[in-house]
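The values are calculated or read from the model by the stated rules, or taken from the named source; none is laboratory data. Keep in mind the model is a prediction, meaning the values are calculated, not measured. Backbone-built Cβ (ideal geometry, glycine too); neighbour counts: all protein chains shown.
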4 protein chains.
Amino acid sequence: MSKFENVRSHSISLIAGLSDADSTAQSMDDASPAKWHLAHTSWFFETFLLRDNVSEYRLFDDDYAFLFNSYYEAEGARHARPERGLLTRPSLQEILDYRAHVDAAMVEAMDGFSSQLLGLVELGLHHEQQHQELLLTDILDLFSRNPIGPSLLEPKPRPAIIDTPLGWIEGASGVQSIGHEGNGFAFDCEGPRHEVMLHPHMIANRPVTNGEWQAFIADGGYRDPRHWLSDGWSWVQEQNIHAPLHWRERDGVTEEFTLQGWREIILCAPVRHISLFEADAYASWADARLPTEAEWEVAAENGLPDIGSVWEWTGSAYRPYPGFQAAEGAVGEYNGKFMSGQFVLKGGSVATPSGHMRHSYRNFFYPHQRWQFTGLRLAKDI
Amino acid sequence: MSKFENVRSHSISLIAGLSDADSTAQSMDDASPAKWHLAHTSWFFETFLLRDNVSEYRLFDDDYAFLFNSYYEAEGARHARPERGLLTRPSLQEILDYRAHVDAAMVEAMDGFSSQLLGLVELGLHHEQQHQELLLTDILDLFSRNPIGPSLLEPKPRPAIIDTPLGWIEGASGVQSIGHEGNGFAFDCEGPRHEVMLHPHMIANRPVTNGEWQAFIADGGYRDPRHWLSDGWSWVQEQNIHAPLHWRERDGVTEEFTLQGWREIILCAPVRHISLFEADAYASWADARLPTEAEWEVAAENGLPDIGSVWEWTGSAYRPYPGFQAAEGAVGEYNGKFMSGQFVLKGGSVATPSGHMRHSYRNFFYPHQRWQFTGLRLAKDI
Amino acid sequence: MSKFENVRSHSISLIAGLSDADSTAQSMDDASPAKWHLAHTSWFFETFLLRDNVSEYRLFDDDYAFLFNSYYEAEGARHARPERGLLTRPSLQEILDYRAHVDAAMVEAMDGFSSQLLGLVELGLHHEQQHQELLLTDILDLFSRNPIGPSLLEPKPRPAIIDTPLGWIEGASGVQSIGHEGNGFAFDCEGPRHEVMLHPHMIANRPVTNGEWQAFIADGGYRDPRHWLSDGWSWVQEQNIHAPLHWRERDGVTEEFTLQGWREIILCAPVRHISLFEADAYASWADARLPTEAEWEVAAENGLPDIGSVWEWTGSAYRPYPGFQAAEGAVGEYNGKFMSGQFVLKGGSVATPSGHMRHSYRNFFYPHQRWQFTGLRLAKDI
Amino acid sequence: MSKFENVRSHSISLIAGLSDADSTAQSMDDASPAKWHLAHTSWFFETFLLRDNVSEYRLFDDDYAFLFNSYYEAEGARHARPERGLLTRPSLQEILDYRAHVDAAMVEAMDGFSSQLLGLVELGLHHEQQHQELLLTDILDLFSRNPIGPSLLEPKPRPAIIDTPLGWIEGASGVQSIGHEGNGFAFDCEGPRHEVMLHPHMIANRPVTNGEWQAFIADGGYRDPRHWLSDGWSWVQEQNIHAPLHWRERDGVTEEFTLQGWREIILCAPVRHISLFEADAYASWADARLPTEAEWEVAAENGLPDIGSVWEWTGSAYRPYPGFQAAEGAVGEYNGKFMSGQFVLKGGSVATPSGHMRHSYRNFFYPHQRWQFTGLRLAKDI
């Protein structure tokens, strides 16, 4: 099976446990319905590959361009994001038919595509892999708001996690290089590769754990303004935050809501569903700081352990690299326009599709957001 | 078939065209999902009849009391209203099973019910009939927000409407009586029957029509503050209101969104989906006023024509009648606690279940609300 | 001194203790700066009397029409209400000069006014008396929000208040008349006098007291949803209301903020600064109800005791009387357009200018508002 | 006169044209009253120097700590920021007395201060200089919202501005150093001095001018989403932004609101009162970008011309330098806690007190803010 078919069919596999209604609901403005993710990723191929380059291609439905454009201003008007959950029609089945229609046309057309178009196909597949992760986190958020706590996946025994003591690794310093280079795929914002100046520092050998986070809570971490960024302190007060998202106390046990429903937390597992504000406050409490993006990336290239179970907040704002050029045309809206107010996360999570992680990857969210599988790793000046 | 079975099965018939997703979505805070209406009306019977009076009755699901209580404070905590659309589980099928479970228990138990309990059953059925109308208006609102404009019902030829010229009927004046009396069912707020003083006035022979409303628009009615209540003028400006809800212009034709989808308006049909603010402004523009509730009810008892296609806004605030007593217990929360800020509407609409209209009925909504089938009829002092 | 000079100079006397800054600040959208009240009441005379009827009159300042129009849409654009507190210029002294300029022109011109214009002058004076009360309540609200609690008036010994036991007076029933009639001044909304039907009832011999209100609080009145209107319960929860406005506990003593600063409450004095929601909940808790406007007015005409220390919430929505006609022209916007969502209050308060109370007076506020001197008196069906 | 007396008396000189009311009003949450600035800067000396270190010092007023703390969490509860404009008392005169009281105590005590305390005094003076600039921009904002457009300063002829053609200067690249070093004063966030890696680039010889901005407007710059950051585009749409703050068209002439009132813009003068969003959009439209903070600072050390008339937005997020340590104690809250969501501005403006500009200075604001004298200078990769 081609990579195209692999990625496309993986999206379908993710929704095996979802009903038509599950796939339609939108839990908050930040999230999108599962059905919408399935349709939007198909709209990408239909629009940028088939419509624009395959003369005999017939649109599956003229309304879909309006319904399933996400944020590409150059592609014209689009359906208001907060109302995605009201699109009970088209149904999940119709979206599956839409996907089949697009896939059949793509499979037929791809043989004749130029290398430039094949580059766009690859972009579309990586775009779809991003949405695969969002689909899972958005379903998790939706189910977490249902008092009966549905689960997407069958509960199964969890793998044993090794309880690694916190240790410190000295990072490379001086002139170093980061950013994507070479023939592999990367998004435009990951390059160009360029030199950065790193200052002496250490980085932790693993992410912060649930058990450590409990100590932070027990020590009054959420109630002491000295640890918090000013915006973070406002957020904690206004939203009445006192634990990671999806935690609850039940009969003296701390539970977390997962894709398998409510489960007891594992003390030595990485804490997740925390905001940048919480990550930064924890680091301050622990007399440490967050690593910069460059420190993290260089460390990862040098073999940083325990990457990939949670996205790790860095202390770096999401801003363009020196020499950054957005891609031409509508797909150029993909990354550059989001470069204000957000922080970079590195690594990947349990929800990241296999093959989609790379050290140069720049994930980004606003500092208050935490419905993704987000955690942190400490760093220190030396 | 008993009245119980009639009413209960009629609810099911309303959702014949709805998918699981259609029945789950909530278009705005004022509306509820169709599935929720089906469940909540069953919760009423399960709670107030079965749970409280049938010792061998087993709750269908312990969580449902929390999920499907609407506003009965005496019945404890309940799910937040604006999040009803996130309840993708239980599914529509499970709710249908819930209904069957409750219905079977009710049918078995009703034979042994006291007349007091049978009174509660009747209350429950009238309560369900209210929700039947809401279910339709809420689906209409949901579908109206979908750019592809789905329809609940098959389009069919519309009955010819007679174009009746506006005429005036002199109303009864002096001491008159309104309010429910006698053995038939009525909600607590419809009584007691009591004397009122009516002053000389005339009332129109039919509701205001779409064609008349177009004249109001053409004359700048939505842009002239002199016609508007102060709160209404703020609402018009802030919400950028310039026509009834669900109207659009398409190629020079005025269309309205209906349960059969988008259709051209019929000029001589009653205008609908207007707020009290709009109704009041229209009346002012037409050198008339809204009838009071008492004027309307006395006129209806005396044979007022053309009642029942739209709920007619009156100029009366929804407040208790002299001697009003709320029913005892949780069901006593049914009406009295809503008696601030709302206006009374009389009559009934195309969505009102047959047998559910009566002259003493007091429908009530806030002056800005218009997703119901709401219209107006003029009155005048003489 | 003429009535004109009397009323106008009384306004000035009210601000004796205010600084330029005190007179400029606006504590909330509902309130206006003292300086604005002084200017707006002058704008009324300048606009409707001098500008429109005295050919040689010269406007004091061309900008003032824009700055000091309140809500007369017919008079054109006006300054946004919530920004009144930003008008640090013109200064208080300039507004006093403006008043002197207008007063001089008025005194000179009034001799030649027709009786119709003299009627407008009288309207302007009653309008100014309304603003005299608002000026005091708005200053009270402003000072209450200042942590150092300034006082407008010198503290002086409070008159002894007789502790009257609660008693009940049987009200007149059957056909009665209310509304203004005769030659004295009244606002348009107070008439026409008309017959109403009253049902058997009793009305209390005095308003509810602070001591009784403490019993309501002690009995959990603010925490029991059964007593509350639905909108009132939402308001109590969202605003975290648990006592009348301007109450605080200090060393076991209940204090209220007054124009003399913080003072201990007097148990037998009428409770004040309560909303309609609180008044209605108290009445429900006390197994009583609020009187209707008609019950209150008929009782007042029959000698109801203890009127005039607090505005008394009635259970009647503020809606037009039968045969109501708004005055012609811009001054016709005075009352009619506020007839949605508000409740009528009757009587008068300690802040009402002497000579400004009459039984037909219809004061009106929204059910959540309580920065006026608002209280309640109980009634009961019999 | 000592530096202490110089700086303190300069604050007083700024308010020469202000009334008690002018000094009390607060135009928006971001701004503070002039009186508050005068009091808060005195509170700094009273609290951190006198109260904590001078045993015989007597607080001027016990309430002032609560009223005039700005954001020092360690110093306890404080008055809510958006209500600063309600503090009509204490009066401006009382605040001037407060200043005199603090100044007298400081002048007497400073002779005996240790060098560590003298360092705190210097911090307090730089803090006061920051507030001197804010005082002016806040008054400008207040007066701009008054329809009669008051002016703080007498209009005087404006100095001729040389119309410099846009030119490009090649910046230094490779390993460079930025950040404060040496004996002079700097805030904690300006250091430590450290090496950075700069990439080849050019920087403009002067800020963007009003005339150039008009060309951006004329070319539809505010209506073309391609130029805008995503958050910026939302801001432009929601706030209906179409020109710099304080611009208006009057009879075909573009005017700007200044401390001398409304004046025609000067085409060759730097554009000001623009947000980071606007600056970034302009740069994109001009096929350029904003300089990074490091590029700007290195260029400034190398003699960049035309610095100091407007604060220049950089493309750098306000984040800590490598090795940054916040100062100990309450004053350590000064800078570090604001390091999320804000961008750095460099240089200084017409409102910056003389002697307060330095190349390492890091001013910071949120990307939508523009009530300061903010402009931009272009840069380009080469």
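Below are the figures for this structure:
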read-out: Criterion: under 25 Å from A:E297 (Cβ atoms) and either of a type in the set (S, T, N, Q) or touching a helix residue (DSSP H, G or I) at 6+ places or on another chain (Cβ under 6 Å) (or both) - qualifying residue of A:E122, A:E128, A:E133; value: A:E128
read-out: Neighbours by Cβ (under 6 Å, 6+ apart or cross-chain): first from the stretch B:350-367, among the charged types (D, E, K, R); second assigned to a strand (DSSP E or B) and crowded, with 19+ Cβ neighbours inside 10 Å; value: B:R362/B:V344
read-out: Failed criterion for D:L125 (all others in (1) crowded, with 18+ Cβ neighbours inside 10 Å; (2) of a type outside the set (D, E); (3) under 19 Å from D:Y57 (Cα atoms) hold); value: (3)
read-out: Set A:A25, A:A31: member being assigned by TED's automatic domain parsing to the domain that holds A:L123, part of a loop (DSSP other than H, G, I, E, B) and closer than 24 Å to A:A330 by Cα; value: A:A31
read-out: Enumeration of residues in the stretch D:180-217 that are closer than 30 Å to D:V121 by Cβ and either assigned to a loop (DSSP other than H, G, I, E, B) or not assigned by TED's automatic domain parsing to the domain that holds D:T254 (or both); value: D:H180, D:E181, D:G182, D:N183, D:G184, D:F185, D:A186, D:F187, D:G191, D:P192, D:R193
read-out: Count - residues of the stretch C:327-357 that are assigned to a loop (DSSP other than H, G, I, E, B) and either facing chain B (nearest Cβ under 10 Å) or at positive phi (or both); value: 7
read-out: Residue check, D:F113 more than 27 Å from C:Q26 (Cα to Cα), outside the structural domain of D:W371 (by TED's automatic domain parsing) and among the aromatic types (F, W, Y); value: yes
read-out: Subset of the stretch D:68-95 [over 20 Å from D:A16 (Cα atoms), touching a residue at least 24 places away in the same chain (Cβ under 8 Å) and of a type in the set (G, A, S)]; value: D:S70, D:A74
read-out: Complete set of residues in the stretch B:132-169 that are without any contact (Cβ under 8 Å) to a residue 40 or more places away in the chain and either more than 15 Å from B:T258 (Cβ to Cβ) or of a type outside the set (S, T, N, Q) (or both); value: B:P147, B:I148, B:P157, B:P159, B:A160, B:P165, B:G167
read-out: Residues of the stretch B:332-363 satisfying the condition of being under 19 Å from B:F48 (Cβ atoms) and crowded, with 21+ Cβ neighbours inside 10 Å; value: B:K337
read-out: Hey, B:Y98 within 14 Å of another protein chain (Cβ to nearest Cβ), touching a residue at least 40 places away in the same chain (Cβ under 8 Å), closer than 27 Å to B:F364 by Cα and surrounded by 15 or more Cβ atoms within 10 Å (Cβ to Cβ) or not; value: no
read-out: Unique match (being without any contact (Cβ under 8 Å) to a residue 24 or more places away in the chain and under 26 Å from A:V175 (Cα atoms)) among A:R319, A:R223; value: A:R319
read-out: Residues located in the stretch C:40-77, provided they are of a type in the set (G, A, S), farther than 23 Å from C:S11 by Cα and in a helix (DSSP H, G or I); value: C:A74
read-out: Candidate set: the stretch B:78-95, residues that are of a type in the set (G, A, S) and not in a helix (DSSP H, G or I); chosen: the one nearest to the other protein chains (Cβ to nearest Cβ); value: B:S91
read-out: Residues satisfying the stated conditions in the stretch D:29-63, i.e. within 24 Å of D:L142 (Cα to Cα) and either at pLDDT below 95 or exposed (fewer than 15 other Cβ atoms within 10 Å of the Cβ) (or both); value: D:D29
read-out: Breaking point among (1) touching a helix residue (DSSP H, G or I) at 6+ places or on another chain (Cβ under 9 Å); (2) of a type outside the set (D, E); (3) under 17 Å from C:L166 (Cα atoms), for C:S349; value: (3)
read-out: Whichever residue in the stretch D:32-69 is β-branched (V, I, T) and under 25 Å from the mean Cα position of the chain (by Cα) and, among such residues, is nearest to the other protein chains (Cβ to nearest Cβ); value: D:T47
read-out: Filter pass, A:E312 being assigned to a strand (DSSP E or B), more than 14 Å from chain D (Cβ to nearest Cβ) and farther than 30 Å from D:E278 by Cα; value: yes
read-out: Which listed residue is more than 14 Å from chain B (Cβ to nearest Cβ) and either within 23 Å of the chain's Cα centre (by Cα) or modelled with pLDDT of 95 or more (or both), from C:R193, C:R206; value: C:R206
read-out: Matching residues in the stretch D:150-177 - criterion: being more than 30 Å from D:I382 (Cβ to Cβ) and exposed (fewer than 10 other Cβ atoms within 10 Å of the Cβ); value: D:E154, D:K156, D:P157, D:P159, D:A160
read-out: Matching option when the condition is assigned to a loop (DSSP other than H, G, I, E, B) and under 29 Å from C:S13 (Cα atoms), among C:L142, C:L153, C:L135; value: C:L153
read-out: Of residues in the stretch B:18-31 being polar (S, T, N, Q) and touching a Phe, Trp or Tyr at 6+ places or on another chain (Cβ under 9 Å), the one nearest to the other protein chains (Cβ to nearest Cβ); value: B:T24
read-out: Extreme residue, surrounded by the fewest Cβ atoms within 10 Å (Cβ to Cβ), among residues of the stretch A:234-269 that are within 14 Å of chain D (Cβ to nearest Cβ) and in contact (Cβ under 8 Å) with a residue 24 or more places away in the chain; value: A:W235
read-out: Qualifying residue in the stretch D:283-300 (condition: within 9 Å of chain A (Cβ to nearest Cβ), among the basic types (K, R) and crowded, with 21+ Cβ neighbours inside 10 Å); value: no
read-out: Count of the stretch B:129-170 residues which are of a type in the set (A, V, I, L, M) and within 30 Å of B:F185 (Cα to Cα); value: 6
read-out: Tally, over the stretch B:264-310, of residues that are of a type outside the set (D, E, K, R), under 20 Å from the mean Cα position of the chain (by Cα) and over 24 Å from B:I178 (Cα atoms); value: 7
read-out: Unmet requirement for B:S144, which otherwise passes all of (1) out of contact with any helix residue (DSSP H, G or I) (no Cβ under 9 Å at 6 or more places or on another chain); (2) polar (S, T, N, Q); (3) away from every other protein chain (no Cβ under 14 Å); value: (3)
read-out: Residue that is within 14 Å of chain C (Cβ to nearest Cβ) and either β-branched (V, I, T) or under 25 Å from B:G332 (Cβ atoms) (or both), where the choices are B:E133, B:E122, B:E75; value: B:E75
read-out: Where C:Q116 falls short, out of the listed (1) modelled with pLDDT under 95; (2) part of a loop (DSSP other than H, G, I, E, B); (3) away from chain B (no Cβ under 14 Å); value: (2)
